[in-house]
Amino acid sequence: MTEENPLNAAREAVIGAALAHVPFDGWSETTLKAALADSGVEPALGAALFPRGALDLALAYHRQGDTRMMEALAATDLDALRIRDRIASAVMTRLDLVEDKELVRRGSTFFALPQNATEGARAIWGTADAIWTALGDTSDDVNWYSKRATLSAVYSATVLYWLGDDSPDHEATRDFLDRRIGDVMQFEKMKAAVRSNLLGKALLAGPMKLMGQIRAPRAPADLPGSLKDRT
């Protein structure tokens, strides 16, 4: 068993200590200072772990949830399920791992601020990517982007619905999510029908040729992707 990275341990300690303060002070500098004091992590180390302060703290909490979701999905057998049911299971797993809805509610408010909106959108995209990766997605073309863009929209809408849902076991949220996925599946069927139609093929010949050259990123540094090698 490998020894835990001390920086990761310190980061986890601060995140854990912050959870008690977020419902009252939000994802703020006040929360970060209190979490550093409660966890015993020195302010200087805290500044290195969270250089942008509360923003990095909120993002670290969000990424922690993505990691835990991927671990939970890795231990779950989803192979027998339809793809739409796998996606629904992954989304609900992500939400079920949240300790307190107020943490997400405060996060939604925080990332709605203009200065944080870009990072908030990036975080949602990261969750969609984590879900597709956990489900074994192997797409390497424009579908890599369309799958994540579509799931980002579905996930965002579901989170907002879930925040106001007090039904037993969040059944209302599960039904809402199923409807949203159903809408996406209908759209995919429509696209397939257009592509199989002779007129549709002719109209899409140019755009499809260009999109056929788009490739998924090979690594984070390769974002947002590239055109395929033409040599």
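The values are calculated or read from the model by the stated rules, or taken from the named source; none is laboratory data. Just so it is clear, the structure is predicted and the values come from calculations on it, not from any experiment. Positions of Cβ are backbone-derived with ideal geometry, glycine not excepted, and every protein chain shown enters the neighbour counts. Accessible surface is based on the protein model in full, side chains and every heavy atom, while ligands, DNA and RNA are left aside. Shrake-Rupley method; radii C 1.70, N 1.55, O 1.52, S 1.80 Å.
Results, tabulated for the structure shown:
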read-out: Whether region 73-179 is rounded, prolate or oblate, judged on the alpha carbon gyration tensor where a/c under 1.5 counts as rounded; value: oblate
read-out: Accessible-area ranking of Asp85, Asp166, Asp96, largest first, probe 1.4 Å; value: Asp166, Asp96, Asp85
read-out: Which of Ala37, Leu55, Gly16, positive extreme of dipole for region 1-68 (C-beta unit charges); value: Leu55
read-out: FRET efficiency, Ala112 to Ala60 (Cβ-Cβ, R0 22 Å, nearest 0.05); value: 0.70
read-out: Rounded to the nearest 10 Å², the accessible area of Met92 at probe 1.4 Å; value: 10 Å²
read-out: Relative pair counts by distance (%), Cα atoms of region 59-125, 10 Å bins; value: 19, 45, 27, 8, 0
read-out: Probe 1.4 Å, all protein chains present, accessible-area order of Tyr155, Tyr145, largest first; value: Tyr145, Tyr155
read-out: Chain lengthening between Val98 and Ser167 when straightened (0.36 nm per residue, less Cα-Cα); value: 23.2 nm
read-out: Protection-proxy order for peptides 29-39, 44-54, each taking the mean of Cβ atoms within 10 Å per residue, highest first; value: 29-39, 44-54
read-out: Of the GluC sites (Glu not before Pro) in region 77-145, those whose Cβ has at most 15 other Cβ within 10 Å and which sit in DSSP loop; value: Glu99
read-out: ³J(HN,Hα), Karplus 6.51/-1.76/1.60, whole Hz, each residue of region 111-127, x for Gly, Pro; value: 7, 7, 5, x, 6, 10, 4, 5, 5, x, 5, 5, 5, 5, 4, x, 5
